[in-house]
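Peer 1: Would you mind keeping the following structure in view while I ask a few things?
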2 protein chains.
Amino acid sequence: MMSIRNRKTIRKYSDKIVSEELLNKLLEEAEHTPTMGNLQLYSVIVTRSKDGKEALAPTHFNQPMVTEAPVVLTICADFRRTSTWAENRKAKPGYDNFLSFMNASTDALLYTQSFCNLAEGEGLGTCYLGTTIYMPQMIIDTLKLPKLVFPIATITLGWPNEEPNISDRLPLSAIIHNEHYEDYTPEKINDYYTEKENLKENIQFVEINKKETLAQVFTDIRYTKKDNEIMSKGMIDALKKQGFI
Amino acid sequence: MMSIRNRKTIRKYSDKIVSEELLNKLLEEAEHTPTMGNLQLYSVIVTRSKDGKEALAPTHFNQPMVTEAPVVLTICADFRRTSTWAENRKAKPGYDNFLSFMNASTDALLYTQSFCNLAEGEGLGTCYLGTTIYMPQMIIDTLKLPKLVFPIATITLGWPNEEPNISDRLPLSAIIHNEHYEDYTPEKINDYYTEKENLKENIQFVEINKKETLAQVFTDIRYTKKDNEIMSKGMIDALKKQGFI
């Protein structure tokens, strides 16, 4: 059985080269991921150059894996290629709207995860950078993305040079609902989160951040309302500039 | 090597039961997919009942696999559980915004694709229903999704009872850009799309639809500007009602 139970996010990479042959094999294999109407509404920008990685680093808060990884992949929602195809074939594309952005983002994210499953199956290490949608305009400018193309995911890739612990996850019952959604009572929240809150590393995480609860580390420091609102505005502005809304 | 090269979307399922044990094993294994800050911003609604499937069917244009599949999974972007956790832990959640919707959608879609890769690895057949975001309010009402929960993906699941052909895909060069985006010229479009356009099934597809080009089938019939704009509005309205914008 294929398994991802022991997967780990890898942020440190060895000097070993990721061959173009292997990379292309994985990128091509991932193309067999389901896609809307078989349109493949995504593009992948492959960054291997030092200059390219240094240009991308600030858009990802200078997290070191961006410049240290041998390969950085920026996966984009892309209705440009399909629209250009249509324009070249006596057809009028109508994909400058929010639904089309969501359709292309969906294709891009499904592709991304298949790629990661495949790459990790070969022993490669990956790190998913959620920062991609935090300051998208900087990435758009850096990678010269035209209208109807939007960066959705970034993967740093290389051969692992660390052995981090496996992350904990919530019990399955925490994420599953039968037939319809059943809301979370305080009792259920205790059932689902107490084990996580009592992990040694999370107790330390709360202490280091001088907070009272683990949840406060997330709401007050890591993902704050203020930052979320500023970045929501930035993302919406970028979606307008790229012609999706 | 793990491979998805021969995967096929399966829309017809045998009578064989998908055991709860196997389903739960796969749903749990998929939890090891990367997730933002290890928050797991998704929920899965499992529909097995006849009534439940019949209630969902119209939201998916009554595609027969919704009622015929033994299992229907609706994967939702979910900031409700995390927000409830925060409120129960003296923390003030700030996830009623567009960026948070995108973060949770990302988590949900990555989870969905890992689940599909794992399920297909076990021999199960899946069909991804892109219709999930076409009329989301109907799904929200049917599954009783509260605020900060939004349906993002639907998977019908069962043991295969058909052997469809493998779908074609664009050549890798069509989706890859080195260092920065290179726009698509008419020559490149010809290079990348001619093979697809000349496939026997696509020539027939154009004829059946009484169109001149394959692209026109997409722009004029399958994914029209008018439909996209109506459904964009419906999705944005639903996002407002669910508290994300």
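Peer 1: Would you list, by chain and number, the lysines whose Cα falls below 19 Å from the Cα of B:Lys12, excluding same-chain residues fewer than 8 positions away?
Peer 2: Those lysines meeting the cut-off are B:Lys50, B:Lys53.
Peer 1: In addition: How long are the semi-axes of the ellipsoid equivalent to segment B:20-164, from square roots of 5 times the Cα gyration tensor eigenvalues, in whole Å, largest first?
Peer 2: Rounded to whole Å, the semi-axes are 27, 18, 12.
Peer 1: What Kirkwood hydrodynamic radius do you get for chain A when you take the inverse of the mean 1/r over all pairs of distinct Cα atoms, in Å?
Peer 2: 20.2 Å
Peer 1: What does the charge count around B:Arg7 come to, taking other residues whose C-beta lies under 15 Å from its C-beta (Lys +1, Arg +1, Asp -1, Glu -1)?
Peer 2: Taking every other residue near B:Arg7 into account, the sum is -4.
Peer 1: Across segment A:24-39, in residue order, what do the Karplus-derived ³J(HN,Hα) couplings come to in whole Hz, using 6.51 cos²θ - 1.76 cosθ + 1.60 with θ = phi - 60° and x for Gly and Pro?
Peer 2: Per residue, the Karplus-derived 3J(HN,Hα) values read 5, 4, 6, 4, 6, 4, 5, 4, 7, 4, x, 8, 4, x, 6, 8 Hz.
Peer 1: Also: With an 8 Å Cα cut-off and a minimum separation of 6 or more residues, compute the relative contact order for chain A in percent.
Peer 2: Relative CO of chain A lands at 26 percent.
Peer 1: A further question follows. Using all alpha carbons of segment B:85-184, what is the percent of pairwise distances in each 10 Å bin, ordered from the shortest bin to the longest?
Peer 2: Pairs per bin, as whole percents: 11, 27, 32, 22, 8, 1.
Peer 1: Which values of log₁₀ I(q)/I(0), to two decimal places, follow from the Debye formula for segment B:1-87 at q = 0.15 Å⁻¹ with a uniform point scatterer at every Cα?
Peer 2: -0.78
Peer 1: Suppose you put the label 7 Å out from Cα in the Cβ direction; list, shortest first and in nm with one decimal, how far B:Glu201 is from each other copy's label.
Peer 2: The answer, with the shortest distance listed first, is 4.4 nm.
Peer 1: Just flag the trypsin sites (Lys or Arg not before Pro) in segment B:146-245 sitting in loop per DSSP whose Cβ has no more than 12 other Cβ atoms within 10 Å.
Peer 2: Sparse-neighbourhood loop trypsin sites (Lys or Arg not before Pro): B:Lys210.
Peer 1: Related question: Going by the alpha-carbon gyration tensor, a ≥ b ≥ c the square roots of its eigenvalues, is segment B:146-204 rounded (a/c under 1.5) or, if a/c is not under 1.5, prolate (a/b greater than b/c) versus oblate?
Peer 2: oblate
Peer 1: Note down the Stokes-Einstein diffusion coefficient of segment B:181-233 in µm²/s, whole number, using a Kirkwood radius over alpha carbon pairs, 10 °C, and 1.306 mPa s.
Peer 2: 126 µm²/s
Peer 1: While we're looking at this one, here's another question. Which of the lysines could a cross-linker span from B:Lys196 if the Cα-Cα distance has to be under 22 Å and same-chain partners fewer than 8 positions apart are dropped?
Peer 2: List returned: A:Lys25, A:Lys90, A:Lys92, B:Lys8, B:Lys188, B:Lys210, B:Lys211.
Peer 1: Hey, another quick one. What is the distance in Å between the Cα centroid of segment A:66-90 and that of segment B:11-63?
Peer 2: 30 Å
Peer 1: I would also like to ask the following. Under 5 Å between amide H atoms, partner at least 5 residues away or on a different chain: which partners does B:Tyr13 have, H built in plane at 1.01 Å?
Peer 2: Answer set, sorted by chain and number: B:Asn161.
Peer 1: Taking Rh as the Kirkwood radius computed over C-alpha pairs, what is the Stokes-Einstein D of the protein assembly as shown at 4 °C in a medium of viscosity 1.567 mPa s, expressed in µm² per second?
Peer 2: Estimated diffusion coefficient is 56 µm²/s.
Peer 1: Quick one: Debye curve from the C-alpha atoms of segment B:126-245, no solvent, what's log10 I(q)/I(0) at q = 0.20 Å⁻¹?
Peer 2: Those come out to -1.14, one per q.
Peer 1: Trypsin sites (Lys or Arg not before Pro) within segment B:62-96: which are DSSP loop residues with at most 13 other Cβ atoms inside 10 Å?
Peer 2: B:Lys90
Here, each number is a calculation from the coordinates, and none is a lab measurement. Note that the structure is a prediction, hence the values are computed from the model and not measured. Positions of Cβ are generated from backbone atoms using ideal geometry, with glycine treated the same way; all protein chains shown enter the neighbour counts.
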